[in-house]
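What follows is calculated from the coordinates using simple rules that are stated; it is not laboratory data. These figures come from a predicted structure and were not determined experimentally. Every residue, glycine as well, gets a Cβ built from its backbone with ideal geometry; the counts of neighbours run over all protein chains shown.
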Amino acid sequence: MSVTETVTQDQDLPFFPFPDTFSPLPSGTLAEIARRAPAIRVRFGPGQLPVWLIVRHAPARAMLGDHRFSRTRTLDFRPPLTGAQIPDRTSLLWLDPPDHTRIRRLVSTGFAHRRIEHLRPWIAETARRHVATMLAGPAPADFRKHVAAAVPVEVICHLLGVPEIDQDKVRTWAETLFRFSVDREAAAAGQKALHAYMDTLVRERQAQLAAGETATKLFDVLITTHDSDDGRLSEDELRSLALTLLIGGFETTAGVLTNAVGTLLAERSHWASLVADPELMPTAVEELLRYHPLSMTFPRVATEDVDLGDFVVRTGEVAIAPFAATNRDPALYDDPDRLDLTRPPVANLAFGHGPHHCIGAHLARVELAEVLRALIDLMPTLRLAVPLADLRYELAAPIGRPEKLPVVW
């Protein structure tokens with residue numbers, strides 16, 4: 001019997017996310033589904049819309065790389081699929097080719113492997129400074145607040161060219177914008193404040209660059225660059241792109257850092273092995289990203305019938321893929337629910353796949369590695385102040401992570 005034939009009435013579908021989807025422990029519900037089928041139908045979002053939940057690696061990867069699945073079309077649903085978020089139709093997150101291709105090409109050099117490696121020493125210094133500040137303060141301390149959120153916001157603001165004096169308020173606004181637990185009024189207020197700030201920053205930098213200042217930051221390059229085929233970015237596209245890079249470079253990386261450190265400290269043998277052998281870092285980073293990835297993709301709408309092997313997504317239907325399931329597919333990984341810091345890396349979907357593969361993937365890997373290096377060097381006795389299972393988890397799109405991560409040393 002096909003997956004489609006097992007679905008009878010939409011009103012009988014389970015609601016996703018499941019209670020254990022964003023748990024620090026292996027998701028029993030997702031694992032059970034993956035044992036039975038590559039995908040099922042569930043209800044999702046504020047409108048409880050029936051969607052395809054793809055839980056195995058192969059069909060998820062195929063869906064992510066298929067141009068017949070549209071992100072832009074997801075913005076047509078009311079209520080929106082994005083919870084409290086206020087989607088921006090000019091955002092790189094929601095664009096389809098060719099506009100997505102044009103805008104992504106303009107910014108891709110700013111996140112190139114060589115450029116990020118050039119920044120690695122500065123990122124390492126930044127990580128050590130924030131870890132040292134936490135170490136000098138009282139214990140227990142909230143690792144998320146003092147390090148996991150502080151490092152990414154400083155790094156992405158530095159890369160873009162957001163003045164240091166503005167970083168705290170930008171962080172406060174950004175934290176409201178991509179969090180499902182925030183009501184729409186708060187999200188709208190955060191978005192309005194960020195838009196106004198970016199408009200002001202654009203005007204100020206345009207005037208300074210016109211007066212002869214050298215373009216040194218990515219934001220400067222975006223203001224002055226021309227695409228040889230399509231011309232200069234519009235004002236709306238420029239503002240939206242800057243906001244997308246800022247929020248994407250902060251909130252998701254902060255979640256990755258929080259989850260990775262929580263996972264390592266939850267079982268002391270993992271932390272002890274990394275402290276004893278820092279050379280494990282490259283494989284440890286990849287394994288942590290596999291084990292506790294971004295929780296799921298943004299939804300996509302099929303623009304025509306798409307056969308993904310064991311099931312067909314019909315025109316107009318929505319599909320999502322929780323990476324917490326696809327990255328534990330036993331077809332790819334032996335004993336996938338076990339964290340193994342020595343596991344040889346196998347291509348996973350931690351940063352997505354296809355046209356919307358995370359443009360900051362290498363930056364996030366570098367930040368994770370350098371934060372871990374700073375911790376094992378300066379705080380080798382670090383441990384959780386409370387059991388991981390006792391922490392309150394929330395969904396800060398698209399990643400589930402604890403609101404706080406109390407640690408002692």
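Structural remarks
- Distance in nm between pseudo-label sites at THR224 and ASP199 (7 Å out along the Cβ direction from Cα): 2.6
- Per-residue extension of 0.36 nm, minus the Cα-Cα distance of HIS67 and ARG114, leaves a gain of 14.0 nm for this segment.
- Computed label-point distance, nm, for sites ASP12 and GLU394 using a 7 Å Cα→Cβ extension: 3.7
- For the chain: relative contact order, % (alpha-carbon pairs under 8 angstrom, 6 or more apart): 26
- Dipole orientation for the chain: of the candidates LEU288, GLY262, HIS362, GLY262 has the Cα lying most toward the positive pole (charges on Cβ; Lys, Arg +1; Asp, Glu -1).
- Put a dot 7 Å past the Cα of TRP122, heading toward its Cβ, do the same for THR214, and the two dots end up 1.3 nm apart.
- Seen from VAL155, the other residues with C-beta closer than 10 Å to its C-beta sum to a net charge of -3, counting Lys and Arg as +1 and Asp and Glu as -1.
- Net charge contributed by nearby residues that have their C-beta within less than 11 Å of ASP66 (K/R +1, D/E -1): +1
- Packing rank of 242-249, 400-407, 158-165, where each peptide gets the mean count of other beta carbons within 10 Å, highest leading: 242-249, 400-407, 158-165
- Of every Cα-Cα pair in the stretch 3-408, the percent that sits beyond 40 Å: 15
- Compared with the alpha-carbon gap, the fully stretched path from LYS145 to ASP166 is longer by 5.8 nm at 0.36 nm per residue.
- Bridgeable aspartates and glutamates around LYS192 (alpha carbons under 17 Å apart, same-chain partners fewer than 8 residues away excluded): ASP88, ASP166, ASP168, GLU175, ASP183, GLU235, ASP236, GLU237.
- Length available on full extension from THR315 to ARG35: 0.36 nm per residue minus the Cα-Cα distance, which gives 98.1 nm.
- Net charge in the neighbourhood of ILE116 (other residues with Cβ under 12 Å of its Cβ; Lys, Arg +1, Asp, Glu -1) is +1.
- Once the Cβ-Cβ distance of ALA58 and ASP277 is raised to the sixth power relative to R0 = 35 Å, the FRET efficiency obtained is 0.55.
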